[in-house]
Each structure stands twice: as structure tokens, then as C-alpha cells.
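Data block below; observations after.
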Amino acid sequence: MSRYFSDKYADLEAYVPGEQPKDQHYIKLNTNENAFPPHPAVAKAVAEESGKLHLYSDPECRELREALAARLEVEPEELLMTNGSDEILNFAFMAFCDEYTPAVFPDITYGFYPVFAAVNRVPYREIPLEEDLTIDPEKYTQTAGTIFIANPNAPTGIALTRGQIEGILQSNPYNVVVVDEAYVDFGAESCIPLIREYENLLVTQTFSKSRSLAGGRLGFGAGNPELIRDLNTVKYSTNPYNVNRLTNAAALACLTNDEYYTENCRTIADTREWTAREMKRLGFELTPSSANFLFAVHPRIDGETFYREMKERGILIRHFSGARIREYNRISVGTREQMETFVRTAAAILES
Ligand code: PMP
């Protein structure tokens, strides 16, 4: 820390992204990227758009919002595009939390939530997951705070039903409920159809996972136009051109090839189920995942050792050091071939 760093951030513990080592070629199963590259139309659209990079991007993302709104069966005014869904989540912390309205989220969830709370200097309350790592929606009734729920949750992959989330929305009419649907397309129910009915609902999604665009950085929020207006106030007070031209072009091309992405999500969900079966055969215990990752523990090997042994053999997975989950590892679902290598390697580690 330099002597110039503001005191207000002296205690800030920044988010630590999954490692991206360059020392050798790894099978990367540690940051929940999509196993498949973008549709070829994306590269073509980006190449064409690059000739216009001397001009600013459209701060309203009008064309993109119209195309996305048509897909989601909402209105463009119900959408706000952001630089990854991390940005819309940060905007939600800025817009809907303060000293009197704490953020409320599970004790085991996306690790960025406490960091967003800290950087925006808002208090937060964590509600413990149940023993089996599920969320009990009953514990979110009348919370007196802004609720953040990742659905499916990360890193467990466990999803609530739309009905369960609706219960939370109904019992919190005075609070915003943010449903972070980063992984929803791999097997959970989206709450976007509920945004008309519940003015306190903000759904966030990303192009990083099911739409194979993690490096493009595009996310969005869906909610009633008043919430979206608040979030736009925050956006125009921080970074009006938050979605760059190349990403905008990439996303438009992505939306014209829905079938390609839907099929990839289906393949990933099938590969997830195959991998889970093979892992159970090796003695792993897994949470029931609806996402593009698995969360697993083995009674005979501790979590960190398994992570290290995997890395030594060229496979990166994600280990967390939090008290309740340090024996677990999160394994992104790659291609079938990558997962066959993963399972073979896991078997070899357990044998040794
Ligand atoms: N929510 C959850 C639960 C995530 O795991 C992630 C990815 N790390 C994000 C949001 C943000 O992803 P992105 O900014 O790439 O959209």
C-alpha cells in the first residue's frame, strides 16, 4: 500500500479471481468459463466493428437491448447492459444498499458480495446455509435489507425454484431482491418472467457463461423500469460507455445464433451429469448442481491436497479456504474429453 492510499480503503480485502497461470498449459476447470468457443459469427462481427473503434460505443446499447428484450420477452426499458454482471451487481450495491439498508446474502455464496459491500461501505448480514449447503428460503422472510441470492448458488450449484424465490419476493415488499442468475441456463428456472409482477425484483445475468463470452465482459440487469432508471443513474455517474463496441457487436452476433448456445448448454449439462456419476463411483460426495460446475468432497483426501495434486498433473480446479467448505473443490465442467481426463486423474490421485 502506498502512503497515498486512502484510509477509507485501508482494510479492504479485494476479490481474488481464479488463477490464470501462464507457466504451462493446463486443463482449465477453475473459473467456470464455457467449454466451447463463441459461434464463428462473433469473430466476424468483431472484425467488422473494429474499423469503428475511433468512435465511442452507444451508451444506451439500444440495438443490443432491443435484440435481447425480444429474446427474453421483456421491454428494452426493463434492461440495463453492463461490463460483466459484476458491474450490475456493484451498481445494485451502490443503488439499493446503505447504512440503514444492509446487504443480506448466504454465508457461502459468490465471494464478490462481501467485497462489493466493503468497497461501497455498506454493512452486510450473512445467513448460514443449511447443513446440506442448501438455502432455506424461510430464513429470508422480512429481512430488512437488500437480498442477494445467486441462483443457482455458487459454489454449490444448488438452485431454488422460481416458486421459492417468489416467496422471498412476497415477504420482502419493502426491499429489493437481487437474483444473480449467472449460471441459470445450465438447468435452473429464470425469474425474468416475474419482473412485471414484483417491482422489488432485479435479475442479473451474464454473457460470460452460457453465451461463451467471458473475455468480452457483458452482463445485464432485468427489472421494472424504475429500478433500471436508478441503476442508470449510478451507471451514468461512473462509466457511461461501459459496454465497448467490440463486445456490443459480439453480443449481437451471439443473439442471432441462439441454437448453437442452447445446444452447448445441453451438452455441458449432460457432461456434468456424466462426470458426477463417475466421481460418485470414485467415492466423492457432490452437491446437486444445476450449474456448469460441480462441488465435491472426498472422505479420503483433504480439499487442498486434491487441488494441489490436480495442479501438479496439469488440471486447474478451484479450492476455497472458507471454514465450512475447505474440504471441497469446485470443478468447472469442460468438454467430455477434458472431463474424462479429469476423472482418470482423480482416480490416479486417489490410488496413490
Ligand atoms: N455471479 C456469480 C455467481 C459468478 O460466479 C460470477 C462469475 N465469477 C459472476 C456473477 C460475474 O460474472 P461476470 O462478471 O463475468 O458476468
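Worth a mention:
- Each residue in region 22-34 was checked for being within 16 Å of the ligand (Cβ to nearest atom) and open to solvent by 30 Å² or more (accessible area, probe 1.4 Å), and 2 pass.
- Residues that are surrounded by 20 or more Cβ atoms within 10 Å (Cβ to Cβ) and within 21 Å of Arg121 (Cβ to Cβ), drawn from region 96-111: Phe96, Cys97, Ala103, Val104, Phe105, Thr109, Tyr110
- Exactly one residue out of Ala95, Ala118, Ala154 is within 16 Å of the ligand (Cβ to nearest atom), among the small types (Gly, Ala, Ser) and at pLDDT 95 or above, and it is Ala154.
- Exclusive hit being of a type in the set (Phe, Trp, Tyr), at pLDDT 95 or above and touching a Gly at 6+ places or on another chain (Cβ under 7 Å), set Phe342, Phe295: Phe295
- Test: residue in region 51-64 that is within 16 Å of the ligand (Cβ to nearest atom) and either under 18 Å from Ala250 (Cβ atoms) or over 21 Å from the mean Cα position of the chain (by Cα) (or both): yes
- Checked against the criterion of being of a type in the set (A, V, I, L, M), in contact (Cβ under 8 Å) with a residue 24 or more places away in the chain and either open to solvent by 30 Å² or more (accessible area, probe 1.4 Å) or under 30 Å from Glu340 (Cα atoms) (or both), region 237-250 has at least one qualifying residue.
- Residue pairs meeting the criteria (Cβ under 8 Å; at least 6 apart or on separate chains; first more than 16 Å from the ligand (Cβ to nearest atom), in region 5-19; second among the charged types (D, E, K, R)): Lys8/Arg121
The values are calculated or read from the model by the stated rules, or taken from the named source; none is laboratory data. All values reported here derive from a predicted model rather than from experimental measurement. All Cβ positions, even for glycine, are placed from backbone atoms using ideal geometry, and neighbour counts span all protein chains on display. Accessible surface areas use protein heavy atoms only, side chains included; no ligands, DNA or RNA. Shrake-Rupley method; radii C 1.70, N 1.55, O 1.52, S 1.80 Å.
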